[in-house]
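One structure below.
The values are calculated or read from the model by the stated rules, or taken from the named source; none is laboratory data. As the structure is a computational prediction, the values presented were derived from the model and not from experiment. Here the Cβ is made from the backbone with ideal geometry for all residues, glycine too, and neighbour counts use every protein chain on show.
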Amino acid sequence: MSTATATATQKRMYIDGKWCEADDGRTLRVINPATEELIAEMAYGNRAMVRRALEAAQKAMPTWMKLTSWDRAKILKKTADLMRERADVIARTMTTEQGKPLAEAKGEVIHSADTFEWFAEEGKRAYGQVIPQREQGKRHVTIKHPVGVVGAISPWNFPILLQARKIAPALAVGCTIVCKPAEQTPLSLVHVFECLVEAGVPAGVANLVLGPAQEVGDEFLENPICRKISFTGSTEVGKHLMRGAADQVKRLSLELGGHAPFIVFPDADPEVGAKIAVMGKFRNNGQVCISPSRFFVHKDVEKKFTEAAVEFTRALKQGNGLDAGTEIGPMIDKRALDKTSGLIDDARKQGASVLTGGKRGERFAKGHFFEPTVLKQVPANAKVLTEEPFAPVMPLLDFSNVDDVIRVANSTRYGLAAYVFTNDLTTAWKMADGLEAGIIAINDPVPATPQCPFGGMKESGMGRECGHEGLEAYLETKFVSMKLRDS
Ligand code: ADP
C-alpha cells in the first residue's frame, strides 16, 4: 500500500474556473474495490470551500442565463462529443474506482454523453404559454426562469450518469451548479469536468467539490445562494435534506431508494423471462436504485423459471471489471459486502434456501466480491424483502392471482420501478395501471433513457429527472399579466 501511495495520482476539485487543492491540503484515498489498492488521492475540501463554490456559481449566473439556449447548447454538445472521444479512458477510471465491468462503464459514459446532448437540445424548448384572457384588454403569458444556483449530490453506483442528469438540464436552462460526487467514486467526474472546461463552460458555471458529506449538505441547505438541491441517494439522507430544506423553502429533487418487483406471468417463455431477470438483477451487482429485488413468479412457470434463473446466474463470469469477459465485478466496499452477508444470514435463519451463491467470492484473495445469489422460500418479513437490498441477490417468490400480486408488490414504502414479464397486452396494461411505481418496465430489463422521465412515487422520491420533466425541474414558471391601454 505504501508504494501505491507514493505513485498515486492526485486529483483536484474545480472551483470558479480553477483546479484546486483543499485549503489545508487534505486528500481522500480512492480505493479500487476489485484489488483494494489505492488508485488516487482526491482533494478533500471543507465547508468554506463549498461556500466559495456557491459564491462563484452565483457570480457566474447572470451572464450564463443571459446567453441564448442555443449558445449554451453548443457548449453542452461539445462536452458530449469530448466525453464520447474519451469514453475508453473515462470508462477505465470508472471501472477502477467503482468495480463495474468495462463494457458497463463505457455504456454509462455514452449514456451520460447522450444525456448532455439531449438536454442541450431540450433547453431550446423551455416554452411558456399564451393563456386566453377572461377580461377584455388583458393578455396573459407564462415565461420560464432558471431556478438559480443548484447543489447536486450523487452516490457511487453511477459516478457520472447521476451527475449528468443534474448538470445537463441545469446548465441548459441557465442555472449554475456545484457538484458533489460520492467519496468512493470522485475520479470519473473529474474527467467530465475536464470535458466541460475544454468545451468552454465559463468560470463558476460548473463547480466540483468534495468534502465531508454532512458539511457539504449543510452548506447547501443553509446558504441562501443555493436555491435548489438535487439529490440521488438513500431515502434516509433524502429525508434529512427535505427537513433541512424547509427553512428556506428550498427547491428539491429527490431520487431515492427502491425495492422493485419483477413479476413473471405464465403466458410467455419462462426461460426468456429468466434471462431478462438475471440481466436486470445482476447489472452493477444489483447496486442500482431501480434494480429488481423481489421476483414474483407465477406458479405455473415457477419450476422452469427457477431452473433457468439459477443456470444463468451460475454462468455469470465474475472478476475484475478490467478483465475481458467479466460480467459481474466486485461490490463497492466492505460495508456493502457485510450488509449483503447479513441479508443472506437473516433470510437463511428465517427459512430461506440458497439455490446458488450466498457467500463472498472466496476464490478472490482481495476485493469485495460476493457471489451472485438466488434465494427461495423467503418469508415476507425477511430483511431482504423489507429493506432496500442494493445487492446481487434474487429472492424468488410465487403467486397465482393477479390482484394479489399487485397488492403485495405495492406493499412497500418504495415506488421507484416495477418490472413485468408478459406477452399479454391486457395484463401489461393492468400492471401499468395498478403498480405504484414511477417506472414500469414491460419485458425491458434496462428502461432508463435520457428522453424519458425517471423517478419514484412514495418514499422513492420527489420530482423526475430526464425527459422534459427533468428540464422543468430547473425552471420556475413566471406568470406575466398585461393590461393594455384602452384604445
Ligand atoms: P449510500 O449509502 O448509497 O452511500 P447515501 O445517501 O449515504 O447513500 O449517499 C449518497 C450521497 O449523499 C453521497 O454523495 C454522500 O456523500 C451524500 N451524503 C451522505 N450524507 C449526507 C448528508 N448528511 N448531507 C448531504 N449529503 C450526504
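Observations
- Glu37 surrounded by fewer than 17 Cβ atoms within 10 Å (Cβ to Cβ), modelled with pLDDT of 95 or more and within 21 Å of Gly367 (Cα to Cα): yes
- Candidates in the range 235-247 are the residues that are within 22 Å of the chain's Cα centre (by Cα) and charged (D, E, K, R); of these, the one that is nearest to the ligand (Cβ to nearest atom) is Glu236.
- No other residue among Lys100, Lys74, Lys124, Lys144 is modelled with pLDDT of 95 or more, of a type in the set (Lys, Arg) and within 16 Å of the ligand (Cβ to nearest atom) apart from Lys100.
- Test: Thr35 is of a type in the set (Ser, Thr, Tyr), over 24 Å from Cys175 (Cα atoms) and in contact with a His (Cβ under 7 Å, 6 or more places away or on another chain): no
- Flag for Thr63 being in a helix (DSSP H, G or I), farther than 25 Å from Val109 by Cβ and at pLDDT below 95: no
- Total residues in the range 208-222, condition within 10 Å of Lys180 (Cβ to Cβ) and within 8 Å of the ligand (Cβ to nearest atom): 4
- Residue, farthest from Glu104 (Cα to Cα), within the range 317-367, restricted to residues that are in contact (Cβ under 8 Å) with a residue 40 or more places away in the chain and part of a strand (DSSP E or B): Leu355
- Against the numbered list (1) among the hydroxyl-bearing types (Ser, Thr, Tyr); (2) crowded, with 24+ Cβ neighbours inside 10 Å; (3) out of contact with any helix residue (DSSP H, G or I) (no Cβ under 8 Å at 6 or more places or on another chain), Ser293 comes up short only at (3).
- In the range 223-234, of all residues being more than 8 Å from the ligand (Cβ to nearest atom) and in contact (Cβ under 8 Å) with a residue 40 or more places away in the chain, the one that is farthest from Tyr474 (Cα to Cα) corresponds to Asn223.
- Taken over the range 1-23, the residue count meeting the criterion of being surrounded by fewer than 17 Cβ atoms within 10 Å (Cβ to Cβ) and modelled with pLDDT of 95 or more is 6.
- Where strands (runs of 3 or more DSSP E) fall wholly inside the range 368-429, no range has 3 or more residues that are β-branched (Val, Ile, Thr) and out of contact with any His (no Cβ under 8 Å at 6 or more places or on another chain).
- Remark: pairs (first residue in the range 170-195, within 12 Å of the ligand (Cβ to nearest atom); second residue hydroxyl-bearing (Ser, Thr, Tyr); Cβ separation under 6 Å; 6+ apart in sequence or on different chains) = Pro181/Ser154.
Rundown of residues vs (1) at pLDDT below 95; (2) of a type in the set (D, E, K, R); (3) closer than 28 Å to Leu416 by Cα, yes/no style:
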| site | (1), (2), (3) |
| --- | --- |
| Pro155 | no, no, yes |
| Ile160 | no, no, yes |
| Val190 | no, no, no |
| Val209 | no, no, no |
| Asp218 | no, yes, yes |
| Pro224 | no, no, no |
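- The range 248-276, subset surrounded by fewer than 22 Cβ atoms within 10 Å (Cβ to Cβ) and assigned to a strand (DSSP E or B), residue farthest from the ligand (Cβ to nearest atom): Arg251
- Scan of the range 442-487 for residues that are part of a strand (DSSP E or B), in contact (Cβ under 8 Å) with a residue 40 or more places away in the chain and surrounded by fewer than 22 Cβ atoms within 10 Å (Cβ to Cβ), ordered by number: Met457, Lys458, Met462, Leu475, Glu476, Thr477, Lys478, Phe479, Val480, Ser481, Met482, Lys483
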